[in-house]
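Chemist: Here it is: the structure, laid out below.
The values are calculated or read from the model by the stated rules, or taken from the named source; none is laboratory data. Keep in mind that what you see is a predicted model, and the values were worked out from it rather than measured. Here the Cβ is made from the backbone with ideal geometry for all residues, glycine too, and neighbour counts use every protein chain on show. Heads up: the accessible areas ignore ligands, DNA and RNA and are worked out on the full protein's heavy atoms, side chains in. Shrake-Rupley method; radii C 1.70, N 1.55, O 1.52, S 1.80 Å.
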Amino acid sequence: MAFLTDRKRAVGMGSAKSGTHHHWQMMVTSVALLVLVPLFVFTFGMILGAPYADVIAYYQRPFPAVVAILTLLVGFFHFRLGVQTVIEDYVHGFARKAAIIFMICLSYAAAGFAVFAIIRIAL
Amino acid sequence: MRCRAGQCPPLKGTTMADVNRGNRPLSPHLTIYRPQWTSITSILVRITGNALLVAGLLIVWWFVAAATGPAAFALADGVLTSWFGKLVMLGSIWALWYHSLGGLRHLVWDSGRMLDVASSERAGQAMVALSVVLTVVTVIIL
């Protein structure tokens, strides 16, 4: 006797293996970035070009530091999703899989370095 | 032997799964179309989004250098504030505003609005104009 519902049997069996999760994540991160990007452009833009001591003092303040952390974290996650779509459109076969893995690792590494560096400056 | 699509027998030495894989005729696309507001503004969203990786990595390098010490910071800051760095930052500010407006257009589309060609074209023209205005405003403020 089968206890699985028809829906449960169908989920994940399409060629994409998943549904709208990628698109939903893209929507959430893009809404977040619509707020974060202007905040980051003007906080980071204000201090870029200033002397070392001023930059360190600036990013020890909570607001610029948290804005920078969130923007680079969410930004690189958004990039990781977007670049995957581009690779899926233009690259095929083994190169596709290799390129996706490389770009995802690069995105997470960049986000990791950014978050570590800003926290280290801030604390 | 002629056969209808999807009903061709497998070629000798191949399995059903890899019949003529990668060597199928493609319908002509991209190259035969005259540029349109809808296509060009959409392609630019993709290009700007991916090009922002350069500025993103430069900014991460700048933060890592600032966390490392004055000597490392001097190098990274020197590159970002050089004429070449400023050119990259200027281009990236425009790319960032343009891509953000493109994302906004996608969110509007996702809500089921402005899906007709005329609205999409007007939105595309607005994206180009507004991104330039925002870039000029940003440069004036900063």
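Chemist: Taking the Cα-to-Cβ direction at B:E121 and at B:V54 and moving 7 Å from each Cα, how far apart do the two end points lie in nm?
Modeler: 3.2 nm
Chemist: Here's something else I'd like to know. Give me the angle, in degrees from 0 to 90, between the Cα long axis of helix A:21-47 and the longest principal axis of the Cα atoms of chain A, rounded to the nearest 10.
Modeler: Helix A:21-47 sits roughly 10 degrees off the main axis of chain A.
Chemist: What residues of the stretch A:32-46 lose no less than 20 Å² of accessible area with every protein chain in place versus their chain by itself (probe 1.4 Å, heavy atoms only)?
Modeler: A:L34, A:V37, A:F40, A:V41, A:F42, A:F44, A:G45, A:M46
Chemist: Then there's this: Quick one: helix A:94-122 against the long Cα principal axis of chain A, what's the angle to the nearest 10°, folded into 0 to 90?
Modeler: Taking Cα atoms only, the helix is inclined about 30 degrees.
Chemist: In addition: Between B:R34 and B:L142, what is the label-to-label distance in nm when each label sits 7 Å out along the Cα-to-Cβ direction?
Modeler: That separation, rounded to one decimal, is 3.9 nm.
Chemist: If you count only protein heavy atoms with a 1.4 Å probe, what accessible area per residue comes out for the protein assembly as shown, rounded to a whole Å²?
Modeler: Numbers: 16770 Å² over 265 residues.
Normalised by residue count, the accessible surface of the protein assembly as shown is 63 Å².
Chemist: OK, next. Accessible area of the stretch A:19-123 with a 1.4 Å probe: how many percent of it is carbon plus sulfur? All intermediate terms of the calculation are to be shown ahead of the outcome.
Modeler: On the way: 4220 of 5570 Å².
Here carbon and sulfur together make up 76 percent of the probe-accessible area.
Chemist: What base-10 log of the normalised intensity I(q)/I(0) is obtained for the stretch A:1-50 from the Debye formula, alpha carbons as equal point scatterers, at q = 0.21, 0.31, 0.32 Å⁻¹?
Modeler: Cα-only, vacuum Debye calculation for the stretch A:1-50: -0.82, -1.05, -1.07.
Chemist: At a probe of 1.4 Å, how much accessible area disappears from chains B and A on forming the pair, both sides counted, to the nearest 100 Å²? Mind dumping the intermediate values first?
Modeler: Details: alone 10740 and 8900 Å², together 16770 Å².
The contact between A and B buries close to 2900 Å².
Chemist: Does a label point 7 Å from the Cα of A:D89, set along Cα-to-beta-carbon, have any residues of the stretch A:98-121 with amide nitrogen under 20 Å, and which are they?
Modeler: So the set is A:98-104, A:107.
Chemist: Percent of Cα-Cα pairs per 5 Å bin, from 0 to the last occupied bin, for chain A, please list those.
Modeler: For chain A, the binned pair fractions read 2, 10, 14, 16, 15, 11, 10, 8, 6, 4, 2, 1, 1, 0, 0 percent.
Chemist: Can you give the percent of C-alpha pairs in the protein assembly as shown whose distance is more than 25 Å?
Modeler: 57 percent
Chemist: How far apart, in nm, are the 7 Å Cα→Cβ label points at A:Q60 and B:I43?
Modeler: Distance between the two pseudo-spin positions: 5.1 nm.
Chemist: Right, another one. Output the Cα-based Rg and Dmax of the stretch A:47-101 in Å, rounding Rg to one decimal and Dmax to a whole number.
Modeler: 17.6, 50
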